[in-house]
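These notes concern the structure reproduced below.
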Amino acid sequence: MASDESLPAPGDPINSAPTTKQDLVLLKEELLQAITTRVTDLIQPMQVQLAELAKDLRDTSKIAENTAELTLSLQDDVKTLRSTDQHLNSRITSLENRWRMLNLKFRGIAEGMEEEAKVQVLLDLSSETLDKRRSLKLFANKLFKANIRFRWSPTSDLHVYRNGLLHQASDSASGKTLLAALGLNLTEDEERALLSL
């Protein structure tokens, strides 16, 4: 009988001796071993890369969380600073106006005037106050035409007292609310004029 080395390879056309069951089992085991080895060789680098990607993803997630927390904290700080800035600007304008209330401006007096002339006495107001009053002039005129008494606050808000309640306007939106509360509405022309401000 021939040795195992001289066994023909399965499917060898030259030596086509019948393949035994044992040959098939051996061939199957060799194929499984070769496939397992090859798959393992291919998977190992992928597993290393997957582990590195997972670590990078965890690191990125931590950075994103820290950045989100920092961003929220900074947004809160910005809101606080804006609110403080707005409050301080309002206080400065109010203090400046209170200080200026003691000053008077005279118009119509010329040097060396001997004849009588019409003289206007005006309050000395800051440019911020004048700008704000200009932006609310439409509402003040509407109140004046309706014979509704109003006053300007030190921060140049419009104040109207009705039935023991204070109604005030500091901008266009609150001006419309003030007029509505008093039963007044803007005409179409007044609405257009308001948009052009």
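At 1.4 Å probe size, with the rest of the protein present, what percent of the exposed accessible area of the chain is carbon and sulfur atoms?
Reported share for carbon and sulfur atoms: 57 percent.
A simple spin-label model places the labels of V78 and L166 3.3 nm from each other, with each point 7 Å out along Cα-to-Cβ.
Measuring r between the beta carbons of T71 and E190 and using R0 = 45 Å, the FRET efficiency lands at 0.55. Near S126, no amide H atom lies under 5 Å from its own; only residues 5 or more places off or on other chains count, and H is placed 1.01 Å from N. Spatially, segment 51-95 and segment 118-196 are offset by 38 Å when compared through their Cα centroids. Under a Gaussian network description of the chain, with springs only between Cα atoms under 10 Å, the residue in T37, T71, T155 that fluctuates furthest is T37.
Counting alpha carbon pairs within less than 8 Å and at least 6 residues apart, what relative contact order, in whole percent, applies to the chain? With pairs under 8 Å counted, the relative contact order is 11 percent. Between R58 and E96, the contour length at 0.36 nm per residue exceeds the alpha carbon distance by 8.1 nm.
When the pairs K28/K55; K55/K79; K118/K176; K118/K142; K79/K176; K79/K132 are compared against a 32 Å limit on Cα-Cα distance, K28/K55; K55/K79; K118/K176 fall above it. Stretching K28 away from L88 to a fully extended chain increases their span by 12.9 nm, per 0.36 nm per residue minus the current alpha-carbon distance. Taking a ≥ b ≥ c as the square roots of the Cα gyration tensor eigenvalues, with a/c under 1.5 meaning rounded and otherwise prolate when a/b beats b/c, else oblate, which class fits segment 52-197? Cα axes put segment 52-197 in the prolate bin.
The values are calculated or read from the model by the stated rules, or taken from the named source; none is laboratory data. Predicted model, so just to flag it, every value in this text is computed and none were measured. Every residue, glycine among them, receives a Cβ derived from its backbone with ideal geometry; neighbour counts consider all protein chains shown. When the accessible area is computed, the model is the full protein with side chains, heavy atoms only, and any ligands, DNA or RNA have been set aside. Shrake-Rupley method; radii C 1.70, N 1.55, O 1.52, S 1.80 Å.
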